[in-house]
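The values are calculated or read from the model by the stated rules, or taken from the named source; none is laboratory data. Keep in mind that this is a model prediction, so the values were computed, not measured. Cβ sites come from the backbone with ideal geometry, for glycine too, and all protein chains shown count toward neighbours. Surface areas here come from the heavy atoms of the whole protein model, side chains and all, with no ligands, DNA or RNA. Shrake-Rupley method; radii C 1.70, N 1.55, O 1.52, S 1.80 Å.
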Amino acid sequence: MPAFRLILLALASSAIAHAELTLGVPAIELKPKPEDEEVETTFKFRNSGDKTVKILGLESACSCLSAELDKAEYRPGEEGTGTAIFKVSTFVGRHEKFVIATTDDPKQPEWQIHFILDVPAVVDIKPKTLQWFIGDEAGPKSCLVQFTGDEPMKIVQITPTRENVSFEWKELKEGREYLITVTPKTTQDITMGALKIETNSAIAKYRHQLAFFSISRKPEPEAAAKP
Amino acid sequence: MRSSIRQALALLLLASAAAWATHAWHPRAPALYLIQEPLRDDEVSMQAIQERWMGDVLWIDARIQEHFDAGHVPGALLLNEQKFDEQLFGLLDTLQANTKPIIIYCNGAKCEASRHVLERLKQTLPVENAFVLKGGWQALQAAGK
């Protein structure tokens, strides 16, 4: 019987032991500069549990963010280092993203690594889309373009993709604010179009901006029935 | 008689302990609470796509360019978070003429890219009948797409 008790004790203690991967901070913050195409950071974490943990895989909720850990196994108390790369592309503003590490520990099968991406806005277009409904009066609507970066910019050209609209634009604050006004010729046909806005930005990715316009059917209440 | 019952109970206890330990130690032990998650409001399943629309939908691939190039649903359009405006610009004609339901997919059940693309698409253009595919690319592969 003592052997039986020992077996039970061993089983119970092993079931209680667990791994616990933890970050030293609530979230890893990434703050790229306006001109950055991608930003890389390293972060520290620890296995605060009392069991060795094996990392089985890493999956990012966003294809813009990838992460790697320096090892596949972490002993109890061991500190690890991770590397994360964020592809900035056209992201603007503050975004929360996650990378999920799957582990061999049933007590912590998934470890969620929390990232906060804070990308400064350099160009802000509000509203991004000018919208009319079929049968509406074909009146003018405007969007405001603001250049909020360190350096002022100028709009040098605007090109619409549809012939169904006319447009005009004026500078409200030199190098900082522009008002673009669009007027459809008719609102009889469904239309989805864009205005290609060309700027003189020194940063290539801000030289071409887009604002959209649409003429669509008025949505019926609860029109999009759930399958 | 009592002895037999004790032995049976001991065997049962040992078997239960062994099963419990296996579950605790096994690297790929399923969670005991694991059940089929219900569809979210903006989601559809592969089964629903077949039953409701006979698979005749407009597919949008919300993964990165490299994954799209490596394989995608035939006819799917690339529209991801990275180059949203630029890619959407190229899809305006297709979306303007489209009358089919739009189904957006990303890598798998844990990726949120398809949902973010759906949100941005709805914010930018008046699209109707647009949904996220539950399970994403993994579900498509399982369905042999």
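Which of the residues that make up the range A:67-88 are over 23 Å from B:Q87 (Cβ atoms), among the hydrophobic types (A, V, I, L, M, F, W, C) and surrounded by 14 or more Cβ atoms within 10 Å (Cβ to Cβ)?
Selection gives A:A67, A:L69, A:A84.
Given (1) under 29 Å from A:F91 (Cα atoms); (2) not in a loop (DSSP other than H, G, I, E, B), where does A:R162 come up short, assuming only one miss?
Here A:R162 meets the rest and fails (2).
Can you name the residue in the range B:130-145 that is over 12 Å from B:I49 (Cα atoms) and open to solvent by 50 Å² or more (accessible area, probe 1.4 Å) and is also modelled with the lowest pLDDT among such residues?
Here the answer is B:K145.
Among A:F133, A:F115, A:F91, which is free of Cβ contacts under 8 Å to residues at least 60 places away in the same chain and either open to solvent by 40 Å² or more (accessible area, probe 1.4 Å) or in contact with an Asp or Glu (Cβ under 9 Å, 6 or more places away or on another chain) (or both)?
A:F91
Out of all the residues in the range B:80-114, which are of a type in the set (A, V, I, L, M) and over 20 Å from the mean Cα position of the chain (by Cα)?
B:L88, B:L91, B:L92, B:L95, B:A97
If I go through the range B:68-102 residue by residue, how many of them are within 25 Å of A:I100 (Cα to Cα) and more than 7 Å from chain A (Cβ to nearest Cβ)?
7
So how many residues does the range A:136-147 have that are open to solvent by less than 60 Å² (accessible area, probe 1.4 Å) and part of a loop (DSSP other than H, G, I, E, B)?
Residues flagged as open to solvent by less than 60 Å² (accessible area, probe 1.4 Å) and part of a loop (DSSP other than H, G, I, E, B) within the range A:136-147 amount to 3.
Mind telling me which of the residues B:Q47, B:Q65 ends up being open to solvent by 20 Å² or more (accessible area, probe 1.4 Å), within 14 Å of the chain's Cα centre (by Cα) and at pLDDT below 95?
Just a single option satisfies the conditions, and that option is B:Q47.
Do you know which residues across the range A:56-87 are under 18 Å from B:E66 (Cβ atoms) and facing chain B (nearest Cβ under 9 Å)?
Selection gives A:E59, A:S60, A:A61, A:C62, A:S63, A:C64, A:K87.
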